[in-house]
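The next block holds one structure in the form of structure tokens; read it before the comments.
FYI, it's all coordinate maths here, none of it is from the lab. Values in this document were obtained by computation on a predicted structure and should not be read as measured data. Note that we place each Cβ from the backbone using ideal geometry, even for glycine, and neighbour counts take in every protein chain shown.
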């Protein structure tokens, strides 16, 4: 366990019936960094965050947040962090400013600062012109922004963000990522979960890859890429495409692993670049045309696929959105 | 003190977001008035005697209408997580929810009292006891609603369950006829219901009639009901939050 971690987790375990959702997690997050929890849906990311913010009790293990034991001193631990859950769950009946003031009240912000902080956050998040608009009338991106603003109203030193950009359009997600980068400038420690590899690469100082409740590796995005730099990557665009093609390609010597990336296939191997002719010949004998072919430097996505064996396509799939009720 | 303040903020938000909406106000007032109108048409002379029951029913329906669904509703829209993530004790959350419901019920009860005073040319026999009876009845019914709300998973279950308790209470709690005139088995049920003590306390403090029990006993039983219902709700809520 590293010293000086503002978040420290030791031996976290959680089981739901037959499923071991989180299995003996150990990690530490440094002050001021953006720490990403990267994994496919069902990997245990949200369960970990829920245990860290006191929504779930772990079956075993302990955690300290800003020096407070989350089990023995949950109220103090909660006071010192902001949490943005996966769903934007502010109160639909209340206006933007009323939602922020309500959060300030619940987190014990002095009364004279309620309005000032609410206005300041609305300005920072470009929502000032909608200050009196009801939350239920906001777009998904605006709801997400206001939910993050609500988590910052008591000026926490740590912010937990669960899948911050899931369900947002490209522009909305881009805007939100720039908001998260600005938080780092203000020395806020950010713990975020995501299943978007590019998002982790763009935002995070360090990334923990979690699969089936276990952390496989923790490193910087560059460090993770370094770990697979000996691996060569070849991307082809075959026609027609079928799932059986992956198995066929993995039968070729030098090809260690294959994965779909949209309508293309990536092939990994120590010397897969040398086998291009052989690969093309094999595909031709099968009657498969190649529309494009290119060699690539390994990306974080490639490192992820290589280390976890999880298909990159599975990572791109969004979780089904919850059906909301009123508000 | 900090926790009490937070309970107050929760109650204030609930009142603003949920309670003062036309459907809730009309439902809280309409049903008791409909019942009383039905009895008035049958026996216009004895209607003033029904006024404590009218106030009691208004308290029951106005406090429980939202209290019984507020937790399951907020769970459904994920807003309950907001409160659970905040630095607030679970008991404070329930106290805040109960406080909002009780405050709404108290307001509705006062409104009904004014109507009763005007319609039947009545005045409070003992104003202080009347206000204490009103207040404790509101909290007892609010925590009954909260208990239902934490005990179910879905909003429709809460509505079904609250009617399962409320509708028999209307007829078994001495609102329209004395509990002692019912068969013994129904008397046992009647004496287990907080509305019985609420109506008995209101009858004594509003009309000055002799009650089933001394007024202070009614008050103590209502107070005990508040504590008992709140504690049970807390135990269930604590268990349920780990299942979410």
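Computed values, structure above
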{"quantity": "Against the rule of thumb 2.2 N^0.38 Å, how large the Cα Rg of the range B:128-182 comes out", "calculated": "1.37"}
{"quantity": "Per-residue mean of C-beta atoms belonging to partner chains within 10 Å, peptide B:83-93", "calculated": "5"}
{"quantity": "Compactness relative to 2.2 N^0.38 Å, alpha carbon Rg of the range A:1-66", "calculated": "1.09"}
{"quantity": "Whole-number D in µm²/s for the range A:263-309 (Stokes-Einstein; Kirkwood sum over Cα pairs; 25 °C, 0.890 mPa s)", "calculated": "202"}
{"quantity": "Average other protein chain Cβ within 10 Å of Cβ, residues A:97-107", "calculated": "4"}
{"quantity": "Chain B: relative contact order as a whole-number percent, Cα under 8 Å and 6+ apart", "calculated": "25"}
{"quantity": "Anisotropy class of the range A:66-181 from Cα gyration tensor, a/c 1.5 cut", "calculated": "oblate"}
{"quantity": "For the range A:183-233, alpha-carbon Rg and Dmax in angstrom", "calculated": "12.4, 39"}
{"quantity": "Largest-first principal axis extents, alpha carbons of the range B:1-124, Å", "calculated": "56, 30, 20"}
{"quantity": "Stokes-Einstein D in µm²/s, Kirkwood radius over Cα pairs - chain B at 25 °C with 0.890 mPa s viscosity", "calculated": "136"}
{"quantity": "Cα-based equivalent ellipsoid of the range A:50-92: semi-axis lengths in Å, sorted from largest, via gyration tensor", "calculated": "21, 13, 8"}
{"quantity": "Along principal axes, Cα extents of the range B:103-244, largest first, whole Å", "calculated": "52, 35, 26"}
{"quantity": "Cα centroid of the range A:183-257 to Cα centroid of the range B:165-213, whole Å", "calculated": "69"}
{"quantity": "Percentage relative contact order, chain A, counting C-alpha pairs under 8 Å, at least six apart", "calculated": "19"}
{"quantity": "Tail fraction, Cα-Cα pairs, chain A, threshold 28 Å, whole percent", "calculated": "48"}
{"quantity": "The protein assembly as shown: projected area of the alpha-carbon convex hull, averaged over directions, in nm²", "calculated": "32.3"}
{"quantity": "Coordinate range along principal axes, alpha carbons of the range A:135-197, Å, largest first", "calculated": "29, 29, 17"}
{"quantity": "Projected area averaged over orientations for the range A:1-151, convex hull of C-alpha atoms, nm²", "calculated": "10.3"}
{"quantity": "Over the range A:153-238, equivalent-ellipsoid semi-axes from the Cα gyration tensor in Å", "calculated": "26, 17, 13"}
{"quantity": "Inter-label distance, nm, simple model (7 Å from Cα along the C-beta direction), residue B:184/residue A:71", "calculated": "5.4"}
{"quantity": "Value at 222 nm in deg cm²/dmol, rounded to 500, when DSSP H runs of n ≥ 4 in chain B each add -39,500 (n - 2.57)", "calculated": "-26500 deg cm²/dmol"}
{"quantity": "The range A:10-142: relative contact order in percent, alpha carbon pairs under 8 Å with at least 6 residues between", "calculated": "18"}
{"quantity": "Whole-Å semi-axes of the ellipsoid equivalent to the range B:59-108 (Cα gyration tensor, √5λ, descending)", "calculated": "21, 13, 6"}
{"quantity": "The range B:80-176: C-alpha gyration tensor shape, a/c 1.5 cut-off, then a/b vs b/c", "calculated": "oblate"}
{"quantity": "Footprinting exposure proxy for A:294, B:240 (fewest neighbouring C-beta atoms within 10 Å first)", "calculated": "A:294, B:240"}
{"quantity": "Geometric extent, Cα atoms of the range A:240-279 - Rg, Dmax (angstrom)", "calculated": "9.7, 27"}
{"quantity": "The protein assembly as shown: antiparallel DSSP beta bridges as a percent of all, rounded to 5", "calculated": "70"}
{"quantity": "Ascending count of other beta-carbon atoms within 10 Å, so fewest first, for A:27, B:139", "calculated": "A:27, B:139"}
{"quantity": "Cα-derived Rg to Rh of the range A:192-262, Kirkwood definition", "calculated": "1.03"}
{"quantity": "Rounded if a/c under 1.5, otherwise prolate or oblate - the range A:106-265, Cα gyration tensor axes", "calculated": "prolate"}
{"quantity": "Sorted by Cβ neighbour density within 10 Å, fewest at the top, the residues B:92, A:299, B:160", "calculated": "B:160, A:299, B:92"}
{"quantity": "P(r) tail fraction, the range A:223-300 - alpha-carbon pairs more than 14 Å apart, %", "calculated": "58"}
{"quantity": "Number of partner chain Cβ atoms within 10 Å, mean per residue of B:71-81", "calculated": "5"}
